[in-house]
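Right, one structure below, let's go through it.
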Amino acid sequence: MAQQFVNSKICPGKVVVFIKPTCPYCRKTQEILRQLPFKEGLLEFVDITACGNTDEIQDYLQQLTGARTVPRVFIGKECIGGCSDLIALQEKGELQSRLKQIGALQ
């Protein structure tokens, strides 16, 4: 169930972030990404606490990405990591070019 749920969210051309609403790193990630000009429907925040199987989802994210912490940021099918990884990409000036590569920005 958790594997199917996670895999159904991750797709090419879209940015998906698995979050917990109470997590400060998740809120910071949302703040950074919401400032960018995404095309309609190509940025999705998935609240894993709303699913009822949070632990299973985090266990599967660990298998998939090597970490079970949130946020888990996927640019297309690739997990770039969490909040600090997103900030590092942004600071290197690579975030927008990565998002343009998958066609997510206006």
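How many residues does the stretch 32-66 hold that are of a type in the set (Ser, Thr, Tyr) and in contact with a strand residue (DSSP E or B) (Cβ under 7 Å, 6 or more places away or on another chain)?
1
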Hey, can you tell me all the residues within the stretch 60-106 that are free of Cβ contacts under 8 Å to residues at least 24 places away in the same chain, more than 11 Å from THR29 (Cβ to Cβ) and part of a strand (DSSP E or B)? GLU78, CYS79
Within the stretch 30-58, count every residue that is in a helix (DSSP H, G or I) and over 25 Å from GLN101 (Cβ atoms). 8
Hits in the stretch 28-48 (condition: closer than 16 Å to GLN90 by Cα and either among the polar types (S, T, N, Q) or without any contact (Cβ under 8 Å) to a residue 40 or more places away in the chain (or both)): THR29, GLN30, GLU31, ARG34, GLN35
Of the residues that sit in the stretch 66-79 and are crowded, with 19+ Cβ neighbours inside 10 Å and of a type outside the set (Gly, Ala, Ser), which one is nearest to the chain's Cα centre (by Cα)? VAL73
Quick check on the stretch 37-60. Is at least one of its residues crowded, with 16+ Cβ neighbours inside 10 Å, on the phi > 0 side of the Ramachandran plot and either in contact with a Pro (Cβ under 7 Å, 6 or more places away or on another chain) or modelled with pLDDT under 95 (or both)? no
Unmet requirement for THR29, which otherwise passes all of (1) β-branched (Val, Ile, Thr); (2) over 13 Å from LEU86 (Cβ atoms); (3) out of contact with any Phe, Trp or Tyr (no Cβ under 8 Å at 6 or more places or on another chain): (2)
Does the stretch 13-29 contain at least one residue that is surrounded by fewer than 17 Cβ atoms within 10 Å (Cβ to Cβ), of a type in the set (Gly, Ala, Ser), farther than 18 Å from ILE102 by Cβ and over 12 Å from the mean Cα position of the chain (by Cα)? no
Give the stretch 10-27 a look and list any residue that's free of Cβ contacts under 8 Å to residues at least 60 places away in the same chain and outside any loop (DSSP other than H, G, I, E, B), or say none. VAL16, VAL17, PHE18, ILE19, PRO24, TYR25, CYS26, ARG27
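The values are calculated or read from the model by the stated rules, or taken from the named source; none is laboratory data. The structure presented is a predicted model; accordingly, all values stated were derived computationally and were not measured. In this analysis, Cβ positions are derived from the backbone assuming ideal geometry, glycine residues included, and neighbour counts consider all displayed protein chains.
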